[in-house]
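Below: the structure, in C-alpha cells.
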Amino acid sequence: MAKNNKSLMATCVACNKPVSTESAVALMGAEDGRGKQFVVCVTCANGGWRPPGFAGLYNIRPR
C-alpha cells in the first residue's frame, strides 16, 4: 500500500500536507503560460480547489 511507503508520498499544493499517492490527484493547470500538473489531495480537490489555468473536468472521488 502506498500509505505505508514513504517513497510514495507527495505534498498537496493546496493544503501543504503530505499525502500518499493513493489519496492524491494531479490536476492540469498552467504556470508562467505553460501546462503543469499540480498534485492535490482528494480532500482539497473534492472541496473545490483548482489550479490556475484549470480548464478540465474533475469527478469527485471517495476519500
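If a residue has to be open to solvent by 80 Å² or more (accessible area, probe 1.4 Å) and either assigned to a loop (DSSP other than H, G, I, E, B) or touching a Pro at 6+ places or on another chain (Cβ under 6 Å) (or both) to count, how many in segment 34-49 make the cut?
0
Would you tally the residues in segment 1-49 being among the hydrophobic types (A, V, I, L, M, F, W, C) and touching a Gly at 6+ places or on another chain (Cβ under 7 Å)?
Counting residues in segment 1-49 that are among the hydrophobic types (A, V, I, L, M, F, W, C) and touching a Gly at 6+ places or on another chain (Cβ under 7 Å) gives 3.
Which residues, counting only those in segment 50-63, are in contact with a Gly (Cβ under 6 Å, 6 or more places away or on another chain) and open to solvent by 40 Å² or more (accessible area, probe 1.4 Å)?
Scanning segment 50-63 gives Pro52, Gly53, Phe54.
Evaluate segment 5-14: report whether one residue or more is on the phi < 0 side of the Ramachandran plot, within 13 Å of the chain's Cα centre (by Cα) and charged (D, E, K, R).
Looking through segment 5-14, none of the residues is on the phi < 0 side of the Ramachandran plot, within 13 Å of the chain's Cα centre (by Cα) and charged (D, E, K, R).
I'd like the full set of residues that are in a helix (DSSP H, G or I) and either at pLDDT 95 or above or surrounded by 15 or more Cβ atoms within 10 Å (Cβ to Cβ) (or both), limited to segment 5-28.
Correct list: Thr21, Ser23.
The values are calculated or read from the model by the stated rules, or taken from the named source; none is laboratory data. Quick caveat: nothing in here was measured; it's all calculated off a predicted structure. Glycine also receives a Cβ, built like all others from the backbone with ideal geometry; neighbour counts cover every protein chain displayed. Ligands, DNA and RNA are stripped out before the accessible areas are found, and what is left, the full protein with its side chains, is counted by its heavy atoms. Shrake-Rupley method; radii C 1.70, N 1.55, O 1.52, S 1.80 Å.
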